[in-house]
Amino acid sequence: DLTAYTLGAAARFVSGPAWSHNGVIGIDGYRLRNFADDFTPFASATDSALRAARGGADRTTLRLSSTWRGSDAGPVGLSLSGAVEYSLLRQETPVIALGNPGAGVGGPRAQARPQTAATTSNAELVTWLNDLGMSVQADSAVRNRWFATAGLRIERNNGYLTTPHYSALPVLGASWVADAGPATIKLRAAFGSGMRAPRTAARETLAGAMRMQSLGQDLDPERQSGIEAGADLFIGHSFTAQATLFDQRADGLIQQVVVPSSGAGRNAPVRLTLQYQNVGAITNRGLELQATARSGPLALMGSATFVRSLVASVATGYSGELRAGDRAMGVPARTLAATAAWSGRDWQIGLTATRAADWVEYDRIALSKAYTGFDRRDVPLWGADLRGYWRTYQGNTNLRASISRRLTNALRVTVTADNLLGEQVGQPDNMTIVPGRTITTGVRWMRF
C-alpha cells in the first residue's frame, strides 16, 4: 500500500529589464505499508518477513535563483545567474522492518542495530539528512553564432558516516551555429562533472534507506565526469537530425554486495547479508542518434542509443563479483525507439515501438532456487561464484498506441493501450513479470 503526496509553490519577481528572481518550494513524501522489501540478497517466497516492511519519508526542497541579462543591442550578449538550493529529508522506519537482512531462509531475524546517528521512539528509527548547494553560471553569445557556457556548483552534503563533505563541480560548454541555404547546422561540445553522496535525500526517498543494510565502512561518493560532442541539422520545421558521441567515467559507484556471515557455533550455517560497497570505476562510451520528420499532420520520430559500459577498475576492499573488463550490470548495449503520430483538427493518433536489448543481469530464477535451499557452507552464493548466475537478456519489443478525440474546446477524451504484444517476461530479468496488455481511458477538461 503506497500513499504519496506532493505540494509546491513558485514565485517570480522581475526587477527592471535586466534582473529576474525566482523562488520554488516543495514538499513531497510517501507512506508504505506491507510492501515487499529488497533487504534480502535474493527474493524468496518463503521469507516470512517479505511483506512486513513499512515506513515513510518527507522531503522539503527550497530553491532561490537570480538572473541578470545584459543588453542584446550589441554583438555580444551576456547573462549571469546564481542559485541556492536546500533539501531536508526526514525518514522514519519501524525497527521491526529492520530485522536481520542477513538471515538465511528460516533463520532468525535479529533486532536492528542502526549504523548511523538516529533516534528511536515507540520502536521507530528516525534519521535526518540535508544537502546545500550554491551555483553560478555565465552564458555568452557572439553575433548569434558562437555560444559559450561556464559554471560552478559548490555542494555541502551530510550523507556520510563521518562528517559532511564539500564538492566543487564545474561545467563548460561551447557551440557554433551556421546557416547553409534552408538548413541550419550546429556543432557543440561540453564537459561536466557530478557527485552524489552515499546517502542523499533523493536516493533514500526513492530507493530505501541505506542504513537498513550493513554499510561496513564509510563509503566514498559517486562521481561522474565526461565529455560529449555532437552535431545537429535543422531543415525548417520539417526535418531534424542529431548525433552525439559521449565518453564518461564514473568513479566510486555504489553496489549492494552479498557477503557471508557465520552464526553462533563452529558448524553453524553461513548466513548472507547485503553490504553497500564502492565498486570502482565504470566507463561509458557510446553514440546517440535522433531524427524527426514532419509533413502536414504526419510526424515520424526515431532514436537509437549504442553504449559500451565496462568496469575499468575495482576499488580496494570491494568483495563483489565484478572484475576489470566486465560489462556493467543492467546496461543495455542498444536502445531503439520509433514513433508515428498523426494530428488532425479533432483527432490525435500515435503508435510507438521501443526495445532495449543486450544487457547482462542475474538469472534470478536460478538464484532464487539456490537461495531457498541455502543452508550449507558448500553452496557459495557470494563473490566470484555469482558470476555463474549471469546471463544475457535481449529484451522485448513494446508497442504502445494512443488515440485522442476533442469533443469541445475544453473537453478531450483519450484512450491509451500499452504492451500490445503482450510480452510480460524477459526484462529486466527472468523473474520480473510486467503488466500485460493494459488499456487506459481518460477525460481532460481545460478551461481558460
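For the reader, a short list of remarks on this structure follows.
- Total residues in segment 266-281, condition out of contact with any Lys or Arg (no Cβ under 7 Å at 6 or more places or on another chain) and modelled with pLDDT of 90 or more: 3
- Where strands (runs of 3 or more DSSP E) sit wholly within segment 395-448, those with at least 1 residues that are basic (K, R) and open to solvent by 60 Å² or more (accessible area, probe 1.4 Å) occupy 397-406, 438-445.
- Scanning segment 351-371 for residues that are in a loop (DSSP other than H, G, I, E, B) and among the hydrophobic types (A, V, I, L, M, F, W, C) turns up nothing.
Listed here are the residues, each with its yes/no results for (1) open to solvent by 50 Å² or more (accessible area, probe 1.4 Å); (2) modelled with pLDDT under 90.
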position	(1), (2)
V258	no, yes
A264	yes, yes
T283	no, no
G286	no, no
L289	yes, no
A293	no, no
L300	yes, no
V307	no, no
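- Near pairs, Cβ below 6 angstrom, 6+ apart or cross-chain, from segment 118-133 (farther than 30 Å from G151 by Cβ and outside any strand (DSSP E or B)) to any residue that is open to solvent by 20 Å² or more (accessible area, probe 1.4 Å) and at pLDDT below 80: A123/V95
- Test: residue in segment 365-379 that is at pLDDT 95 or above and surrounded by fewer than 17 Cβ atoms within 10 Å (Cβ to Cβ): no
- A single entry from L206, L219, L169, L161 fulfils the requirement of being part of a helix (DSSP H, G or I), at pLDDT below 95 and under 26 Å from the mean Cα position of the chain (by Cα): L206.
- Test: residue in segment 317-326 that is touching an Asp or Glu at 6+ places or on another chain (Cβ under 8 Å), of a type outside the set (S, T, N, Q), at pLDDT below 95 and surrounded by 16 or more Cβ atoms within 10 Å (Cβ to Cβ): yes
- So V177, is it farther than 21 Å from Y276 by Cβ, open to solvent by 40 Å² or more (accessible area, probe 1.4 Å) and modelled with pLDDT of 90 or more: no
- Checking every residue in segment 70-89 against the condition of being in contact with a helix residue (DSSP H, G or I) (Cβ under 8 Å, 6 or more places away or on another chain), closer than 30 Å to N430 by Cα, surrounded by 15 or more Cβ atoms within 10 Å (Cβ to Cβ) and modelled with pLDDT of 75 or more gives zero matches.
The values are calculated or read from the model by the stated rules, or taken from the named source; none is laboratory data. Everything quoted here is computed from the prediction, not taken from an experiment. So basically every Cβ, Gly included, is an ideal-geometry build from the backbone, and we count neighbours across all protein chains shown. Remember, those area values only see protein heavy atoms, side chains included, never the ligands or the DNA or RNA. Shrake-Rupley method; radii C 1.70, N 1.55, O 1.52, S 1.80 Å.
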